[in-house]
Structure formats: C-alpha cells, structure tokens
Amino acid sequence: MRHYALVTGAYWSFTLTDGALRMLVLLHFYRLGYSPLELASLFLLYEIAGIATNLLGGWVGARLGLGTTLFAGLALQIAALVMLAMLDANWPRALSVAYVVAAQGVSGVAKDFTKMSAKSAVKQLAPAGAHGALFRWVAVLTGSKNALKGAGFFLGSALLATIGFTPSLLAMAGALALALGLCALALPRTLGKAAGKPGIRALIVKSRNINWLSGARLFLFGARDVWFVVALPVFLYDKLGWSFTAVGGFLAAWVIGYGLIQAGAPRLTGRSPDGMSGEIIAARRWAFALALIPAAIGLALAWPLPAQTTLIAGLSVFGLVFAVNSSLHSYLILRFSDAGQTAMDVGFYYMANAAGRLLGTVLSGLIYQLAGLTGCLAASSIMIALAWAGAMALRPMR
C-alpha cells in the first residue's frame, strides 16, 4: 500500500502539470493567431513520441525496473517545461513552431514513461489473484488521474490569465522537481523488473486478446480526441464567445467528472467471479452505447438546437459512458497480461492509445477546419464503432 500510494502520488503530480501545459500551449498560441490545423501540429510530436516510448518503455521497465522509468518520466517533464519557458517571442514563427513541437515531443516521452510505469506497477502491487481488488485499484488510479488532469486544464487556463505563459511554466517545473525528489527517496527502482532479460521479439508478439483490445483502445481515444483536442476549445472560444478561463473550466469539469465516474466504474459494471467474462460483455455493451452519443449531439447541433445547452448536456453523457469504457479497458489489459511481462504488454497497449490520440489530434484540426464541430462528432461515432468491433472480438481466457 505504501508503494502504491507513492506511485499514485507521483502520477498525480505529473498529470496536473500535463493538463495545465496542454491548455497553456493551446490557448497561448491560439491567442497569437495560430489556425486550428497549426495548433494541432504543435501536439503531433507529443503523440508520435508516445507511440515509440510506450513500445520501448515497457521493455526498458521490464529490464531496469519501473522505478527507473517513472523517475525518467518526471525528469523529462521538468526539462520540457524549462524548454518552453525559454521560448522567445521575437523568434520567427517557423522557428517557434519547430521549438514548441520539439519541447512537446519531450513532454510526450515523459507522459508515456510515467503512465506506463504507474499502471504497470499496479499489477505488481495488487494482491495476487484478487481480481476485484485489481479492478478497484486500476479504477482509482486512472479515475483520480483524469480528475487531476481536468484540474490541470483549469489551472493552466487560470495561470495564463493571471501570471502569464513563462512564469506558469517555471512554477510547474519547480513543483514537479519537488515531487521527483520525494519519490526518488522512497520508491525502489527495481519494482516490476523481470526475472530474466526479455528480448526485442517480446515487444510485438502478443496474445489475441491484447491485440484486439489494443486496437479497440486506439479507436476509443481517437474518437475522444477528434473533437476534444482542438475542435471543442476553439469552437467554445471562437463561436460561442467563451473566455479562456471559461473554456479551461469547462474542459476541467468534464475531465474531472469523467475521472470520478471512471474511479467508480466497478460499481456500474459489476464484477464476474473469474474477473473477465462479465467485464468483456460490459466492454461490448458500453462501447455500443457510446457510439450513439456523438451522432446524437451532431444531429442536435444541425437542427439546430441551442449549441451551448446541447454541448454541455451531450458531452456530459458522453463523458460518463466514455469513462466506463476506458476503465474497463484499463482493467482488462492488466487482466490479460502475463505477470512476468506486464510492463511490455501495457506498453504495447498504450502505444495503441498514443496512436489513437495522434490520429484524433490530426483529424481534430483538419476536420474542424473543413467541416466544423459536427464533422468531428461524426468522425467520433465512426471510430467508436470500430472500437466496439474490437471489443466484440475479445474472448475469456482459460
């Protein structure tokens, strides 16, 4: 329990700065006149870096220990914040974009080292054979993380409106350095270290269930980010006239609510005796329900119904159902993984997650520029339908 608390606390510290950083970059550069597609491009290396980091990070974690990869993630996030604080407003636009993309790439590596380490550690720390405890521990870690990421959105927008871009980055770097120091003193670096030395082939050779679940995860998070990353914040600010603080506050409230639901997902889905069969059925049902929601929101906007009321109500329902889907996936990947290869299996799974976020990020700027928010919502429904197809292919293990 002590080590679980340390891992969770480190993950919380990182997540708060990560959410704040996203809002700082998005709103700061939109205020400087960047187009939706240009804004999306700022996050491309962040997502691309996550694909390679998750794949290799699980292998490194299995060989060197999850404590080592967790500390590396926190240190890299500090470096990314300091890099962005050094950005000069007088630089040419092309140079500024390239520099921000590079800093975001460092942050992307940091995020996925930290995430993979924290979530893999739960499998190692949960009581052996206690499937219900594992589901609860994963749900609490993931749900609290997302609630804090939502708080980070609000923090980032509030800091931008009060103390400005550079002071905000330096303050967050200092706070994260303190968290890293405290964690390094108490958490063993060898946590989750494999008994042997896993080879490169183990990175990509996975079981049928892990492959299908990873595919479902790719489309699930692509379906969220296709409207969440660029389209919704820009729509609220540009079309509905919301302030920076209001935009950040709404995104924060949405993610916090989604995180709280995620933490309580085991109560909504129930738990089967084998910790698998009932959860697979639940993953199929909740994915089917989720696919209907973006389509319904898009139709309501097209009629048109009042945009502000429609979005708040519709996205609240989306957040609830999405949270349960995400929590089920986060549990099932640990349930499907082999105890000796958890870090590599989780790394592979979150590589797919990062690929979905990359896909959603690119499409969020592109589709919003071409077809507006309703086009992004239509794309979201299509991708969720593909995630549902992946869930349909899952089978209980013997």
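The values are calculated or read from the model by the stated rules, or taken from the named source; none is laboratory data. It should be emphasised that the depicted structure is a prediction, and the values quoted were computed from it without experimental measurement. Note that each Cβ is placed from the backbone with ideal geometry, even for glycine, and that neighbours are counted across all protein chains shown.
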Within the group Leu377, Leu370, Leu359, which residue is surrounded by fewer than 24 Cβ atoms within 10 Å (Cβ to Cβ) and more than 25 Å from Lys115 (Cα to Cα)? Leu370
Going through region 329-364 in order, the residues found to be among the acidic types (Asp, Glu) and in a helix (DSSP H, G or I) are Asp345
Cβ pairs under 8 Å, 6+ apart or interchain, first in region 266-277 and more than 19 Å from Leu320 (Cβ to Cβ), second surrounded by fewer than 17 Cβ atoms within 10 Å (Cβ to Cβ), ordered by first then second residue, are Arg271/Gly132; Arg271/Gly278; Ser272/Gly278; Asp274/Pro396; Gly275/Gly132; Met276/Pro396; Met276/Met397; Ser277/Pro396
Among the residues of region 247-289, the number that are part of a helix (DSSP H, G or I) and within 26 Å of Phe154 (Cα to Cα) is 18
So, in region 206-245, of the ones that are within 22 Å of the chain's Cα centre (by Cα) and among the small types (Gly, Ala, Ser), which residue ends up surrounded by the most Cβ atoms within 10 Å (Cβ to Cβ)? Ala223
Just one of (1) touching a Phe, Trp or Tyr at 6+ places or on another chain (Cβ under 9 Å); (2) modelled with pLDDT under 95 trips up Leu290, so point out which. (2)
On the given criteria, is Thr166 under 20 Å from Phe14 (Cα atoms), surrounded by fewer than 23 Cβ atoms within 10 Å (Cβ to Cβ) and modelled with pLDDT of 75 or more? yes
Members of region 2-38 found to be of a type in the set (Phe, Trp, Tyr) and closer than 10 Å to Lys149 by Cα, listed by number: Trp12, Phe14
May I ask you to list the residues in region 214-246 that are assigned to a loop (DSSP other than H, G, I, E, B) and either in contact (Cβ under 8 Å) with a residue 12 or more places away in the chain or at negative phi (or both)? Val229, Val230, Leu240, Trp242, Ser243
How many residues are farther than 21 Å from Asn146 by Cα and either surrounded by 15 or more Cβ atoms within 10 Å (Cβ to Cβ) or among the β-branched types (Val, Ile, Thr) (or both) when one looks only at region 306-327? 3
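Look at Ala296 and say whether it is free of Cβ contacts under 8 Å to residues at least 60 places away in the same chain and among the aliphatic types (A, V, I, L, M).
So Ala296 passes the test.
Test Ile261 against the criterion of being surrounded by 17 or more Cβ atoms within 10 Å (Cβ to Cβ), among the aliphatic types (A, V, I, L, M) and farther than 27 Å from Gly375 by Cα, and give yes or no.
In short, yes.
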Determine, yes or no, whether Ala291 is closer than 22 Å to Gly143 by Cβ and touching a residue at least 12 places away in the same chain (Cβ under 8 Å). no
Of all residues in region 179-205 being surrounded by 12 or more Cβ atoms within 10 Å (Cβ to Cβ) and at pLDDT 80 or above, the one that is farthest from Ile48 (Cα to Cα): Ala179
Over region 83-114, the set of residues under 23 Å from Gly50 (Cβ atoms) and of a type in the set (S, T, N, Q) is Ser96, Gln104, Ser107, Thr114
Name the one entry in Tyr349, Tyr368 that is over 21 Å from Gln104 (Cβ atoms) and not charged (D, E, K, R). Tyr349
